[in-house]
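Asker: Here's a structure for you.
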Amino acid sequence: MPTPTRLEHDFLGELSIPNDAYYGIQTLRALENFHITGIPIKVEPLFVQALAFVKKGAALANKELGVLDPTIADYIMQACDRVASGEFDNQFLTDMIQGGAGTSVNMNANEVIANVALELMGHQKGEYQFCHPNNHVNCSQSTNDAYPTAFRIALNNKLAGYRDTLSQLADAFFAKGEEFQNVLKMGRTQLQDAVPMSMGDEFNAFATNLREELLRIDDSRRLIAEINMGATAIGTGINAPSGYAGLVTKHLRTITGLDLSLAGDLIEATYDTGAYVQLSGVLKRTAVKLSKICNDLRLLSSGPRCGINEINLPALQPGSSIMPGKVNPVIPEVVNQTAFYVIGADLTVTMAAEAGQLQLNVMEPVISFALFTSISYMTNACRTLREKCVLGITANVAHAANMVYNSIGIVTQLNPVLGYETSASIAKEALATGKSVHDIAVTERQLLTQEKWDEIFTFENLIRPVFMQ
């Protein structure tokens, strides 16, 4: 049986739309034109929700200003509530990357909301004389203010979840820092033995490193809370009634619960993408830090018998199809790869932001795709690293301590007592002969007593050095 359809038109002509579809002709044209990622906007439900929030705020402001029939406005707002709840996510099918500066996404929202409203009014889908996607749902708006406003609302909400996940990862590192506080190990610089330290301090530093990023996320959220709603096409506010921009912003603050503010210069705000560049840079910065930490975890767990082997990562799966018993650090590896993607996506955002011309940046769809995916991937990476790796890390306490006492690096502790030249000669002899620093300094050369050695090389003095002569 053929699928029942309805006929819709735009200024380009007519197309048949499936009767059960809440989207309309302009969405269908987008589906025919843009086969790029294969990822529809419905995969970002917070974006769909934010589009509904924007349309509801606009309807409420237009009703109050007397430019939209109160009955139609009320039905639009009811439809927006249903769309925002996720009930119609499957109707948002346009590709995440598209031409037209997001017009297809905006029209997808306009058409779905109009048709939901029509059904609430007792009409058939497509009977737009009663509630029109452009005349009513898009009243006092342009894609050029509705799309970026929805994008910024969605980003803010998505970042809130990411921030929580990153904070939990930092807390997990800090908890390991407390657990490993009394574990003595060798610190290393340039992959060479340096001086002793506490393993707990090493893990605390990981936590501090990531907690710094929480502040940068907060800064970015404040930047993207500035919106250009009411700017309409290029920032002049054409087709919007007086007072609309401030009123719709006020309603959006209430609807979203976000501290949104109206940009002071709507012409500048309509083309400026600096906040996205800033946010992308924050995501890249965190990705770089996270990848560095994962590199460290892989090194510290290397071996197990022919590497550093100071820590054990949870064994999750066999590591080789040919080498029996091999277990690989698969979680740090997957986080590394996620970081590489985010670093690359930052370049995409940079180039797209630079490519805007005159009064509009038409590249915002690829910016949204890059930022949405980067936040999603970073959220998943942080959660995976915490749950599948960090929480299960254990320390090889005796092995780590033995490496300290057998290392040449501990000779640095003797600098204030014996001087650099003498200490260097001890290190050189230890390296050449394989003898311990203790045997050379105390037993053979008798440069200091055992009591002095014991005073210098207490656990506390190794991890919290106190100057002594």
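The values are calculated or read from the model by the stated rules, or taken from the named source; none is laboratory data. All values reported here derive from a predicted model rather than from experimental measurement. Because the Cβ atoms are built from the backbone with ideal geometry, glycine has one as well, and the counts that use them run over all protein chains shown. Each accessible area value is taken on the protein alone, full model and side chains, heavy atoms only, with ligands, DNA and RNA left out. Shrake-Rupley method; radii C 1.70, N 1.55, O 1.52, S 1.80 Å.
Asker: In whole angstrom, and with the biggest value first, how far do the Cα coordinates of the chain range along each principal axis?
Answerer: 101, 53, 35
Asker: Tally Lys and Arg at +1 and Asp and Glu at -1 over the other residues with C-beta under 14 Å from the C-beta of Asn144: what net charge comes out?
Answerer: Local charge sum for Asn144: -3.
Asker: Rounded to whole Hz and in sequence order, give me ³J(HN,Hα) for the range 373-390 from the Karplus expression 6.51 cos²θ - 1.76 cosθ + 1.60, θ = phi - 60°, writing x for Gly and Pro.
Answerer: With coefficients 6.51, -1.76 and 1.60, one gets 5, 4, 5, 4, 5, 5, 4, 5, 5, 5, 5, 5, 4, 5, 6, 9, 9, 4 Hz.
Asker: Could you tally the net charge around Asp201, taking each other residue with its Cβ under 12 Å from the Cβ of Asp201, Lys/Arg +1 and Asp/Glu -1?
Answerer: +1
Asker: Going by Cα centres, the range 312-385 and the range 420-467 are how many Å apart?
Answerer: Between the Cα centre of the range 312-385 and that of the range 420-467, the gap is 46 Å.
Asker: So, one more: What residues have an amide H closer than 5 Å to that of Gly187, excluding those fewer than 5 places away on the same chain, when H is modeled at 1.01 Å from N in the peptide plane?
Answerer: Those qualifying (amide H under 5 Å, at least 5 residues apart or on another chain) are Ala194, Val195, Met197.
Asker: Take the alpha carbon gyration tensor of the range 378-458, find the square roots of its eigenvalues, order them as a ≥ b ≥ c, and report rounded if a/c is under 1.5; if not, report prolate when a/b exceeds b/c, else oblate.
Answerer: Prolate, since a/c reaches 1.5 and a/b exceeds b/c.
Asker: Under a plain spin-label model, where a point goes 7 Å from the Cα along Cα-to-Cβ, how far apart in nm are Glu451 and Arg222?
Answerer: Reported label-point gap for Glu451 and Arg222 is 5.9 nm.
Asker: Just want the answer: with Cβ charges of +1 for Lys and Arg and -1 for Asp and Glu, which residue in Ser142, Leu214, Leu260 is farthest toward the dipole's positive end in the range 134-265?
Answerer: Ser142
Asker: Also: Pairs of Cα atoms under 8 Å, at least six residues apart: use those to get the relative contact order of the chain, whole percent.
Answerer: Computed over the chain, the figure is 15 percent.
Asker: Among Ala370, Leu358, Pro416, whose Cα lies farthest out toward the positive end of the dipole of the chain, if unit charges sit on the beta carbon of Lys, Arg (+1) and Asp, Glu (-1)?
Answerer: Going by the charge dipole, the pick is Pro416.
Asker: Assign unit charges at the C-beta atoms only (+1 for Lys and Arg, -1 for Asp and Glu), then state the dipole size of the range 374-463 relative to its Cα centre in Debye, rounded to the nearest 20.
Answerer: Result for the range 374-463 is approximately 540 debye, rounded to the nearest 20.
Asker: Give the average over all directions of the projected area of the C-alpha convex hull of the range 1-160, one decimal, in nm².
Answerer: 9.6
Asker: Go ahead and run the numbers for FRET between Asp265 and Asp20, Cβ-Cβ distance against an R0 of 60 Å, rounding to 0.05.
Answerer: The calculated FRET efficiency here is 0.85.
Asker: At 0.36 nm per residue, minus the direct Cα-Cα distance, what do Lys289 and Ala175 gain on full extension? Give it in nm, one decimal, please.
Answerer: 39.1 nm
Asker: With +1 on each Lys and Arg Cβ and -1 on each Asp and Glu Cβ, and nothing else charged, work out how big the dipole of the chain is about its Cα centre, in Debye to the nearest 20.
Answerer: Here the size comes out at about 720 debye.
Asker: Can you give me the % of accessible surface on the range 75-219 that is carbon or sulfur? Probe 1.4 Å, all protein chains present, nothing else counted.
Answerer: Carbon-and-sulfur percentage of accessible area, whole number: 45.
Asker: Which distance in nm do the two modelled labels at Asn309 and Tyr420 give, with both placed 7 Å along the Cα-to-Cβ direction?
Answerer: Going from the Asn309 label point to the Tyr420 one covers 3.6 nm.
Asker: Residue by residue through the range 233-245, which ³J(HN,Hα) values in whole Hz follow from phi under the Karplus form 6.51 cos²θ - 1.76 cosθ + 1.60 (θ = phi - 60°), with glycine and proline marked x?
Answerer: Residue by residue, the range 233-245 yields 5, 10, x, 7, x, 4, 6, 10, x, 4, x, 5, 4 Hz.
Asker: Rounded to whole Å, give me the distance from the Cα center of the range 50-117 to that of the range 244-285.
Answerer: 19
Asker: List the GluC sites (Glu not before Pro) within the range 107-149 that fall in a DSSP loop (any state other than H, G, I, E or B) and whose Cβ has at most 16 other Cβ atoms within 10 Å.
Answerer: Passing sites in the range 107-149 are Glu127.
Asker: Once you put a point 7 Å from the Cα of Leu391 and another 7 Å from the Cα of Asp439, both along the Cβ direction, what distance in nm separates them?
Answerer: Those two pseudo-labels are separated by 4.6 nm.
Asker: Return one whole number: the accessible area per residue of the chain in Å², for a 1.4 Å probe.
Answerer: 45
Asker: Quote the charge dipole size of the range 5-114 about the Cα centre in Debye, to the nearest 20; the model charges only the Cβ of Lys and Arg (+1) and of Asp and Glu (-1).
Answerer: Using only the charged Cβ atoms, the result is roughly 160 debye.
Asker: Along the charge dipole of the chain, Cβ charges K/R +1 and D/E -1, which of Thr394, Phe11, Ala245 sits furthest on the positive end?
Answerer: Thr394
Asker: Counting other Cβ atoms within 10 Å of each Cβ, which chymotrypsin sites (Phe, Trp or Tyr not before Pro) in the range 1-51 have at most 13 and sit in a DSSP loop?
Answerer: Of the chymotrypsin sites (Phe, Trp or Tyr not before Pro), the ones in loops of the range 1-51 whose Cβ has at most 13 other Cβ atoms within 10 Å are Phe11.
Asker: Ok, one more. Between Asn461 and Leu31, what length comes free when the chain is fully extended (0.36 nm per residue of separation minus the Cα-Cα distance, one decimal in nm)?
Answerer: Extra length from Asn461 to Leu31 when fully extended: 148.0 nm.
Asker: A further question on this structure: When the Karplus curve 6.51 cos²θ - 1.76 cosθ + 1.60 is applied with θ = phi - 60°, which whole-Hz ³J(HN,Hα) does each residue of the range 25-32 get, with x for Gly and Pro?
Answerer: Along the range 25-32, the couplings run 5, 6, 5, 4, 4, 5, 5, 6 Hz.
Asker: What number comes out for the charge environment of Val330, summing +1 per Lys or Arg and -1 per Asp or Glu over other residues with Cβ under 13 Å away?
Answerer: +2
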